[in-house]
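Structure first, then comments.
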Amino acid sequence: MNQHFFLWYVTRGLQSVLALSLDLLYFVMHRFHIVGLLQTLLSPWKRDVALHDWRGLRPLKSLSTFFENFISRFLGMLVRLVVIIAGITLATLTLVGVVSLSLLYVFALPSLVLGVILFMVNPLLGGWLLLFGIFGGVCVFIGFLLRKQDDAPTSAIEVLRRKRWFERLLLRLGLEKKSLDASLFNDTTRFLAFLATQGIEQNTFEKAVTLEREQAKRRDQKRRFWTRENIGKTLPIGKGWCYAYTPHLDRYSLDLSSYDPTEYAHAELIGRQEELKVATIVLERPTQNSILLVGDPGIGKKTLAHHLARMIRENELLHTPLAEARVLLFDLGRAVSDATNQSSDKDGFIRRLFSEAYAAGNVILVIENIDVFLGGDVTRQNLAPVLSEFLALPGFRVIATATTGRYHAIAKTDEQALKSFETIYLREPDEEETLRIVARYFEQVERKRIVFTLPALISIVSQASRYNWEVPFPERAIDLAQEVLSYWQGVSDTLITPATVDAFVSLRTGVPTGSIGGDEKEKLLHLEERLHERVIGQNEAVKQVAEAMRKARAGFGNKKRPLGSFIFLGPTGVGKTETVKALAESYFGSEDQMIRLDMSEYQGADSIARLIGSEEMGVPGQLTNAIKEHPFSILLLDEVEKAYPQALDLFLQILDEGYVTDGFGVKVSFRNTIIVATSNAGAALIKSELAAGKTMADIRQEVIDYVVEHNIYRMEFLNRFDGMIFFEPLKQEELVAVTMLKLESFAERLKKDKNVAITFASGVAEKIVEHGYEPEFGARSINRYIENTIEDAVVKQIIAGEVVSGGALHVALDDLS
């Protein structure tokens, strides 16, 4: 025992003993609910009272009612007195015990010293003193070992290395203590410098320290069962004895204020303290005391309701009107279903259950998705009249939940059904709050060992913010974390790191994420060459697209906008659409990842409803549904100048904010999409100016002025794109190269489909350009010529039997007319 022990013994130790003594007395008083039972000593047992329900003077009935109420109060008093007497008796014994404990502590060491001195003179007295001192000393030493350690909020590595949770902290950062130089733990500056070499910023380190310190504090608090905070969570005997039974309502309810077996039992309410405060204030009001929690599924409505129930269950709301409330999770749907199966009057059936809740005096009903039972939908049971009838009563309280879309729909058609509720909108938590929520959610999983490194958790939240927008934070981050956990269990990594997250997201989406590997690095660095395998000429356009894609992949783009957005301007048949196809194949791996919308089909006033959908018209959104199904893709808006002008306004927000709200109130993300709009606007001007010898740099501004002056596009629309790329008319040698590519493609298709080899004489491509090229149609005219001459001739020979499987064909110059 060193000086530190003796210092604790005479200061903090004495304080701890006194605090423990008071806590034990508090526990007995709290457990037996002595004060509360005294206050309700003469209250009727479970509100079992006979009511005066007649008019005039009825002596016998009045006397009968008096005796019934007297018996109810008398029986209640007897039961309460028994518990009170038992509690006072135990409190007295506890008082004796805590006094003895205090004396044992105070005189433990003096008795030990005095016993040693007196043992030689009076062995009997000295022996008793020694036994008293030894027993007391053991108790003191145990108290010293169990003492609450000071845990000042510091990030100094010299202090942290002495914490029991230090190794967990290192693992949270993806490090193992045994593999590190021990001298790193002697100097914070040196340790932070080492972390920097591992790609871990100081901010990340401090977040990890905060996270592990809070978790260690919760674990320690849970182990210290004797503290007032823990013993105060026990359910007092007799709590609720002065409130009525609800036998029929209990068949359809789960009493969350006594026990919560759901996954939300220990859910931590993070970042929702203001909403919780408003909810408790409203529920404590004498009238108009029901709340409606509104938000999208997964945003935290259930968490708030269950957290409030836990606060009541663990007596955190003592001395408030909610202290003895019963929070019942009411399955209204099952009750309506039973009423239907029993051929009962549904309104009457629900009215009887609500009457029990009202008569009980302390019930708060939690009704999830109450919007299903409100409004004028003929396919559903409308319980708005019954609910409104009871919500007007001061003792009837409800915590209801509803989705945002359904709430607004009901507010438009049946505002009366919602007037008795205090509406509380739940906002979506930000990324910092979501990070804390996800870490808290997996605390039980990581109870024995660290699974997620903090950089991995940060990566999960960041990746979750990019897709699956139909589900809000925090649920979509939790869902992704669970999927990553399942994926990780099938690999050999010891910890889930950002690389694990990136590997799973890439597997799921088909789009590379995270660090750029060797193969992908080569592909990105040589993207121009890959695009030119399919796109002839257009060097400047291909270069701009490739540079933009490299920036997006390297993380230099704006994460709140699409991955890239371009408008391709130029004549028809010069490679605009082919560039988009080549980009889909090079960046996303397949042309199938391209979503093509022919904007000439969206010229009417109904275009907006067709693009984003309309709940009123029952029309799904062709654009929004396609993006929901393929969020990682290229969106091609072909001939965008032909679209309905107001329809283009939708893309102002999409290009600027990266999302749009569809006709059903759902946010649809475009932040994982490359958007390319093609346009022939200004094509004639480009052609004439090039013929006049002007460069594309000179022509660019002229084309912009032209499309704006002729009201083809507004300037704010053009400015939303990352790049405005001009495609030039193809030169003679480029037309020949395009033709050779198309002939090669036809030869490959013929060999694959019919097992027929075809070759072309030298000069065939030049002759095809000579005979088939039409400047107003660009390369499309060449494709049409090949189909009408060469392909048609081959088809005829196959039908005539002149060419069989395994045969060969040769196209000479003379074969072309």
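In table form, for the structure just shown:
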| quantity | calculated |
| --- | --- |
| FRET efficiency estimate (nearest 0.05) - Cβ-Cβ, Leu145 to Arg427, R0 56 angstrom | 0.75 |
| Electrostatic dipole magnitude of the chain [Cβ: Lys, Arg +1; Asp, Glu -1; Cα centre; debye, to 20] | 5120 |
| Per-residue SASA entry for Arg714, accessible area with 1.4 Å probe, Å² rounded to 10 | 100 |
| Glu787, Glu734, Glu776, reordered so the largest accessible area comes first (probe 1.4 Å) | Glu776, Glu787, Glu734 |
| Sites matching chymotrypsin sites (Phe, Trp or Tyr not before Pro) across segment 1-70 that sit in DSSP coil, with at most 14 neighbouring C-beta atoms within 10 Å | Trp54 |
| Val113 - accessible surface, heavy atoms, 1.4 Å probe, Å² rounded to 10 | 90 |
| Angle in degrees between helix 404-413 and the longest Cα principal axis of the chain, rounded to the nearest 10 | 90 |
| Average Cα contact separation per residue, segment 541-699, under 8 Å, 6 or more apart, as relative contact order % | 31 |
| Residues Glu483 and Asp705, FRET efficiency given R0 of 60 Å [Cβ-Cβ distance, rounded to 0.05] | 0.75 |
| With all protein chains modelled, accessible area of Arg427 [1.4 Å, Å²] | 100 |
| Residues in segment 21-60 that a label on Asp345 would reach, taking backbone N under 13 Å of a point 7 Å out along Cα→Cβ | none |
| Heavy-atom accessible area ranking, 1.4 Å probe, most first, across Glu748, Glu432 | Glu748, Glu432 |
| Segment 336-466 shape via C-alpha gyration tensor axes, a/c threshold 1.5 | prolate |
| Segment 449-578 - percent of accessible surface contributed by carbon and sulfur, probe 1.4 Å | 51 |
| Protection-proxy order for peptides 197-208, 138-149, 672-683, each taking the mean of Cβ atoms within 10 Å per residue, highest first | 672-683, 197-208, 138-149 |
| Sequence-distant lysines (8 or more away, or on other chains) whose Cα lies within less than 25 Å of Lys754 | Lys742, Lys796 |
| Cβ-defined net charge surrounding Leu813, 15 Å radius [Lys, Arg +1; Asp, Glu -1] | -3 |
| Segment 484-570: GluC sites (Glu not before Pro) in DSSP loop, at most 15 other beta carbons within 10 Å | Glu533 |
| Where a label projected 7 Å from the Cα of Ser355 along Cα→Cβ would reach, residues of segment 53-76 with amide N under 17 Å | 53-54 |
| Formal net charge of residues neighbouring Ile786 (Cβ-Cβ distance under 12 Å; K, R +1; D, E -1) | +1 |
| Exposure rank, largest accessible area first [Lys751, Lys301; 1.4 Å] | Lys751, Lys301 |
| Between 0 and 90°, nearest 10: helix 454-464 axis offset from the chain longest Cα axis | 60 |
| DSSP-defined antiparallel bridges as percent of all bridges, the chain, nearest 5 | 15 |
| Charge tally in the Cβ shell below 10 Å around Ala761, where Lys, Arg are +1 and Asp, Glu are -1, Ala761 excluded | -1 |
| Residue-span extension gain [Leu22 to Ser614] - 0.36 nm each, minus C-alpha spacing | 206.6 nm |
| Mean Cα-pair separation over length for the chain, i.e. relative contact order, pairs under 8 Å, 6 or more apart, % | 9 |
| Between 0 and 90°, nearest 10: helix 301-313 axis offset from the chain longest Cα axis | 10 |
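The values are calculated or read from the model by the stated rules, or taken from the named source; none is laboratory data. Predicted model only: the values in this text are computed from it and were never measured. So basically every Cβ, Gly included, is an ideal-geometry build from the backbone, and we count neighbours across all protein chains shown. The area values use the complete protein model at the heavy-atom level, side chains included, leaving out ligands, DNA and RNA. Shrake-Rupley method; radii C 1.70, N 1.55, O 1.52, S 1.80 Å.
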